[in-house]
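Q: Below is the structure I would like to discuss, written out as structure tokens.
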Amino acid sequence: MTKTARKRPPSRRRKPAGSGRRRMPAAFLRRIPAAGAGLLRGTVRLAWRLGWRLALVAALLVGAATIYDYARLPPIETLIDGRVRGSVTLLDRNGEPFAWRGDQFAGKITAATVSPHLLHAILATEDRRFYSHFGISPRGIASAIRINLAEGRGPFEGNGGSTITQQVAKLLCLGQPYDPERWKNEAAYEADCRKGSLWRKIKEVPFAFALEAKYSKDDILTLYLNRVYLGAGTRGFEAAAQRYFGKSARDVTPAEAAMLAGLLKAPSYYAPTRNLARAQARASLIVSLMEEQGYLTPAEAEAARRNPATLSEKARERAGGWFADWVMETVPSFLASGTTEDVIIRTTFDPKIQKAAEEAVRWVFENRVRPGSKAQVALVVMSPDGAVRAMVGGRGRGGGRFNRAIQARRQTGSSFKPFVYAAALDLGLYRFDSRVVDEPVTIDIPGSGPWSPRNYTGRNYGEMSLTTALAQSINTVAVKVAMETGLDRVRAVARGFGLSGELAEGPALALGASEATPLEMTAAYAGFLNEGRAVTPYGLVELRLRGSDEPLITRSGGPGERVIGRAAARQLVYMLNQVIERGSGKRAKLPGRPAAGKTGTTQAARDAWFVGFTADHVAGVWMGYDDNTPLTGVTGGGLPAEIWREVMTRIHEGLPARPLPMIDPEAAALAEARARQPRKGRGTETTIIEDVIGALFGRPF
């Protein structure tokens, strides 16, 4: 039986009259709101059906990612020290640290052992709900996005709203290890890990959940305390506390804790070694947060604000940067800048001498140099055995810049003349009291024509002793002596005493046309003090790995190979003593203490030198401009000699005056007079030789 199709009844709606535009009936208009509501309800139902399905998929993905990250997380002990590079700690001659290189890690600190003040400062600053959330803080992220957008940045640029757990996820680079083939260096690796983006924020979520599931809250805090970077090359709060305050993170005060926590925002910018006032202002804000959250009483907070944290004496001095850079260059790179281990280097550095050197340079430039001068300075102080005690590589704080003490090769001027006289005395061509004539000299140089050296004053002074010629820095005599001695012999003596650069070929060699560094010149003069035996400058005493008692490298100093004879050296020291007593170096004279040295000024006064010594210390000073601009009104006997005197005066305080290893001219004259009277049973020739040798060596034969 077939069903009969039901006919639709005819519509009862009446059509509008007329043949014009059709008008919408009132009944239809009344039904629009109901239709809109239905549409909205349908849309909501569709969104709900899609939403819970998408949420379920997202939850499953997050769960799977969390399980994956959880499985990859190793035992916490393997994550405490996450450095790729090692560190170098440099100790002074007393065994105290004075400089650090690389990433410093001073040992493990835990949430249970760290100072409660520091723990509270971190929580108040970084994550006040740390112990109550499950790894992320949606409220914090939303607040950070709002702040970033309001300040005209991208939503994930600037404030991140990250919890401590999320920050640890960043510190662990979401479990991705450092790969030197992928990243140029560790800095590039860490910069990539810290990038803020929506995708990275999404990836942080499951990793943060995994951290919370794998480790306890205190474990996560321990990772944070040990891995975070806090400026000045420090990794972790223990290293930072020791670097800035000279104490453990277990013992910091509320003010110190606030300063350390303040570094988390921008470690290099707020580092107290860079700008203490800025670090203290930041710490004051942290103290207020600690007070607001009940970690400090109003009285404790006020005390912390009134007595802000200050740097330890070692951190405040920041001495030895130039010296540390030099020592690092003398060590194989795999144990220095490229080390993956923690290295300890014991050095010859003396912080008291360094401080005296810096104070002397500062005093002279503040009181003797015109304001605004761009003139530079370099200074080296060493012991007679070559142990470098202090180094100034330029004006201002050292470290990481051009070190003029070891890198600036400059013409030596008249400070080179002692090598000329050393060669002549050693050959026996001259004695300290030999008579010489200061007169015009012209030398025909093949390929260059005639050359006529002139004295600094433009005048000639006639006959004089060799000692006077050196004391008054007479150029003509130095050239004549060099030519008679032989330029090859002069060069051999200079090289023997440690001048490693190319030495001039022509007679201008005698006047210091060759170049040398301040370190080389200072070490060469130490050879004069060591009675003609060369000295090699050194700064490293012992290098070992942290935790090991066996040194990998050891060095020591002392006289090396003999360059000139002892008698010649003792005469030369006397001649250099007269430079200070009555010659061009009188401004370097030390009251009540014998000293010897030589001035040096190059052509057009582009370089000015004073190098000299006492029985206890050798020091060399150079002044000039980096671009070779001539100095105005400066000679080696002027400002360099004053700097030398100021340094030597300071570093000899409390030391008894000791004689120099030099001849006694009066004793030598008496010996010669006695030699003219033959002694019974001994030949005249033997008597003369023995008495003169005894006088030259400063003791009876």
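Coordinate-derived values only; no laboratory data. In this text the structure is predicted, and so the values were computed from the model without any measurement. All Cβ positions, glycine included, derive from the backbone under ideal geometry; neighbour counts span all protein chains shown.
Q: Taking amide H positions as placed in the peptide plane 1.01 Å from N, state which residues far from residue 552 in sequence (5 or more) or on other chains have amide H under 5 Å from it.
A: Those qualifying (amide H under 5 Å, at least 5 residues apart or on another chain) are 543, 544, 545.
Q: I've got another one for you. Could you quote the convex hull projected area for the range 410-551, Cα atoms only and averaged over all directions, in nm²?
A: Hull-based average projected area comes out at 10.9 nm².
Q: Using every pair of alpha-carbon atoms in the chain, split the distances into 10 Å bins beginning at 0 and state the percent of pairs per bin, rounded to integers.
A: Answer for the chain: a P(r) of 3, 12, 17, 16, 13, 10, 9, 7, 5, 3, 2, 2, 1, 1, 0, 0, 0, 0 percent.
Q: Antiparallel versus total DSSP beta bridges in the chain: what percent is that, nearest 5?
A: That works out to approximately 85 percent antiparallel.
Q: I've got another one for you. Give the residues of the range 458-483 whose amide nitrogen is closer than 18 Å to a point set 7 Å from the Cα of residue 582 in the direction of its Cβ.
A: Counting backbone N atoms under 18 Å from the label point, the list is 461-474.
Q: What FRET efficiency would be calculated for the residue pair residue 202, residue 589, taking the C-beta separation as r and a Förster radius of 60 Å, to the nearest 0.05?
A: Working from the Cβ atoms, E equals 0.20.
Q: Output the peptides 253-263, 332-342 sorted from most to least packed, where packing is the average of other Cβ atoms within 10 Å over each peptide's residues.
A: My ranking of the peptides, most packed first, is 253-263, 332-342.
Q: Could you run the Karplus curve 6.51 cos²θ - 1.76 cosθ + 1.60 with θ = phi - 60° over the range 120-135 and give me ³J(HN,Hα) per residue in whole Hz, x for Gly and Pro?
A: Those phi angles translate into 5, 4, 5, 5, 5, 8, 9, 6, 5, 9, 4, 7, 10, 8, 10, x Hz.
Q: Highest mean first, what order results for 218-226, 417-425 on Cβ atoms within 10 Å?
A: Order by mean packing, descending: 417-425, 218-226.
Q: Then there is this: When the Karplus curve 6.51 cos²θ - 1.76 cosθ + 1.60 is applied with θ = phi - 60°, which whole-Hz ³J(HN,Hα) does each residue of the range 79-85 get, with x for Gly and Pro?
A: Along the range 79-85, the couplings run 9, 4, 9, x, 6, 8, 8 Hz.
Q: Which value, in debye to the nearest 20, describes the size of the charge dipole of the range 105-316 about its Cα centre when Lys and Arg Cβ atoms bear +1, Asp and Glu Cβ atoms bear -1, and nothing else is charged?
A: 380 debye
Q: Around residue 533, which amide H atoms from residues at least 5 apart in sequence, or from another chain, sit under 5 Å from its own amide H, with H modelled in the peptide plane?
A: HN-HN under 5 Å from residue 533: 563.
Q: Which one, 572, 225, 248, projects farthest toward the positive side of the charge dipole computed for the chain from Cβ point charges (K/R +1, D/E -1)?
A: Sorting the options by dipole projection puts first 225.
Q: Let me ask something else. Anything over 19 Å Cα to Cα? Flag those among 374/586; 170/265; 170/203; 352/586; 195/265, in the order listed.
A: Result: 374/586; 352/586 exceed 19 Å.
Q: Oh, and also: Of 475, 486, 465, whose Cα points farthest to the positive end of the dipole of the range 463-504 (charges on the beta-carbon: +1 Lys, Arg; -1 Asp, Glu; origin at the Cα centre)?
A: About the Cα centre, the residue reaching furthest to the positive side is 486.
Q: Which value, in debye to the nearest 20, gives the size of the charge dipole of the chain about its Cα centre, when Lys and Arg are +1 and Asp and Glu are -1 at the Cβ?
A: For the chain, the charge dipole is close to 6680 debye.
Q: Which length gain, in nm to one decimal place, applies between residue 275 and residue 60 when the Cα-Cα distance is subtracted from 0.36 nm times their residue separation?
A: 72.5 nm
Q: Continuing with the same structure: Would you mind checking which residues have amide H under 5 Å from residue 343's amide H? H placed 1.01 Å from N; only 5 or more apart, or other chain.
A: Result for residue 343 returns 87, 88, 89, 546.
Q: Hey, another quick one. Compute the projected area of the convex hull of the Cα atoms of the range 105-316, averaged over all viewing directions, and report it in nm² to one decimal place.
A: The Cα convex hull of the range 105-316, projected and averaged over all directions, gives 12.2 nm².
Q: Sticking with this one: May I ask you to derive the FRET efficiency for residue 337 and residue 94 from their Cβ-Cβ distance with R0 = 25 Å, giving the value to the nearest 0.05?
A: 0.50
Q: Compute the length gained on full extension between residue 288 and residue 439: take 0.36 nm times their separation in residues and subtract their Cα-Cα distance, giving the result in nm to one decimal.
A: 46.3 nm
Q: Once label points are set 7 Å from the Cα along Cα→Cβ at both residue 566 and residue 297, what is their separation, rounded to one decimal in nm?
A: A separation of 7.5 nm, rounded to one decimal place.
Q: Moving on. Quick check on the chain: helices-only [θ] at 222 nm, where DSSP H runs of length 4 and up contribute -39,500 (n - 2.57) each and the sum goes over total residues. Nearest 500, please.
A: The helix contribution divided over the chain gives -13500 deg cm²/dmol.
Q: Show me, for the range 303-313, the HN-Hα J-couplings you get by feeding each phi into the Karplus relation (A = 6.51, B = -1.76, C = 1.60, θ = phi - 60°), rounded to Hz, glycine and proline as x.
A: Values per residue, Gly and Pro as x: 5, 5, 6, 6, 10, x, 5, 10, 6, 5, 4 Hz.
Q: Right, here's the next one. Using a cut-off of 10 Å between beta-carbons, work out the net charge of the residues near residue 108 (Lys and Arg +1, Asp and Glu -1, residue 108 not included).
A: -3
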